[in-house]
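A short worksheet on the structure shown next.
The values are calculated or read from the model by the stated rules, or taken from the named source; none is laboratory data. These numbers come from a predicted model, not from an experiment. Here Cβ is always computed from backbone atoms with ideal geometry, including for glycine, and neighbour counts include all displayed protein chains. Areas reflect the complete protein model, heavy atoms only, side chains present, ligands, DNA and RNA absent. Shrake-Rupley method; radii C 1.70, N 1.55, O 1.52, S 1.80 Å.
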Amino acid sequence: MLVNRTTTLWIGIIAALVFSGATAANGQDEGIHKIKHIVIIMQENRSFDSYFGTFPGADGIPMKNGVPTVAVPDPKTGKMVRPFHDTSDKNYGGPHNAVNDFADVDGGKMDGFIKEALEKSPGMLRRKKPKFYNPNLTYHGDYLGVMGYHDQHEIPNYWDYAKDFVLQDHMFEPIASWSFPSHLFMVSAWSANTEVPGDPMSCVSELDPRDRTAKDPTPFAWTDITYLLYKKGVSWIYYLDQGANPDNDDFVAPTSEKNPNWVDVPKIWNVLPGFTTVHQDSQMGNLQPILNFFKAAKEGTLPSVCWLIPNGRDSEHPTGLVSTGQAYVTRAVNAIMKGPDWNSTAIFLTWDDWGGFYDHVVPPHVDSLGYGIRVPGIVISPYAKKGYIDHQTLSFDAYLKFIEDDFLGGERIDPKTDGRPDSRPDVRENDPILGNLMNDFDFSQRPRPPMILPPYPKKSIESH
């Protein structure tokens, strides 16, 4: 009987070690735990088709003989408009709130993009024909720009990352809405309104939550990932892009001594200061200017988890220049690749919502809030598979799941188990439709060397 119990005990221990991939016999970390630093770079407002719709092997714009077979009606002319190659550096996009997501998807037809841009964003309409345009289309204003797509000519670095590392072609915005709730999801797997200040159990799911930060500095009472990280002693930093010199790698510190956390980065993207837990855990010092990121990358002192939140200029949010955003991201990736932490880092690059740009894939339904329209997703790491296209269904919830599996022993933001109950309706990280980012890595391979790219590569972008 003793033998049986001992055998059972050892089987359990071995199974636990295999499941966690924690440590090999030689004391070295294995599997996911080879990743010591997770860097999430969040850019703004691009759909998958608008950046990777013609990427070889991806689920891109349906084509036949190089001509798109999909089209969207233009209510102004009655014509059907196909996606077209847009070489301009400045784009105008379309409206991208919850109501626009619903209208763009149009019950699965994916045909509301032009109508929404024409009717809901009159400020985007120009009085004269653009300098650069597709001669096969009749332009009545920039509203047709929502049908434009870029390729390796305009975004060569992004395409190089996708070719050399991992491109995710079914990454969906976690919520069918805009930037603000998407950023809430990025750090907490939920978007809600807190009905009773400070009470997590009073929170109610919301596609378009109210920004109450003017009256209450901590309106987000539900639990976010930093609570679990703090509880387990896992380091994290939320880096804010406080301005950059476009001609070199010297980033400047905050310019406002009064409230440095709000400088240059819009409040709707800078959501962590509004979470109750960040204040209760005395973690406001973890909100830092991006200057500190470049310093940490150079010195090999990156935290276990960090986010890079852009300012408007670097974000690619229309009408921010595509080239400026790509340069900002490239500098950040280069800094990691040049530093001592490269061999133990995973970089997740994505865009927070579709920005009104066309995408042909119907988002799957998860709950009352998501998913939203498809966005690009790229994984960059020395352990990333080479030239791999991940077709799994993903959302930003997958980033939290990866963080939890790597640093928290698989603990979820779950009101039943995390020690801080809130009223969220489900545990998004456990949704059966959600893929696993582990599929994007090969931890048996030797760490791959860096791929340093010029922030402003030779390109064919033409500016207005």
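Counting Cα-Cα pairs of region 74-113 in 5 Å increments starting at 0 gives whole-percent bin shares of 6, 18, 20, 26, 22, 7, 1.
Projected label points at His391 and Lys458, each 7 Å from Cα along the beta carbon direction, are separated by 3.6 nanometres. Taking the convex hull of the alpha carbon positions in region 281-364 and averaging its projected area over all directions gives 8.0 nm².
A simple spin-label model places the labels of Lys338 and Asn430 4.5 nm from each other, with each point 7 Å out along Cα-to-Cβ. Which pairs, out of Lys34/Lys295; Lys163/Lys298; Lys79/Lys109; Lys298/Lys338; Lys64/Lys385; Lys295/Lys401, put more than 18 Å between their alpha-carbon atoms? From Lys34/Lys295; Lys163/Lys298; Lys79/Lys109; Lys298/Lys338; Lys64/Lys385; Lys295/Lys401, over 18 Å: Lys34/Lys295; Lys163/Lys298; Lys64/Lys385; Lys295/Lys401. Largest first, the extents of the alpha carbon coordinates of region 362-408 on the three principal axes equal 36, 29, 13 Å.
Binning all Cα-Cα separations of region 322-407 at 10 Å, short to long from zero, yields these whole-percent fractions: 13, 40, 35, 11, 0. Largest first, the residues Tyr158, Tyr456 sort by 1.4 Å accessible area into Tyr456, Tyr158.
For region 24-108, a Kirkwood radius taken over Cα pairs fed into Stokes-Einstein (20 °C, viscosity 1.002 mPa s) yields D = 125 µm²/s.
How do the peptides 61-73, 227-239, 145-157 rank, highest first, by the average count of neighbouring beta carbon atoms within 10 Å per residue?
145-157, 227-239, 61-73
Go ahead and run the numbers for FRET between Val362 and Glu299, Cβ-Cβ distance against an R0 of 41 Å, rounding to 0.05.
The computed FRET efficiency comes out at 0.35.
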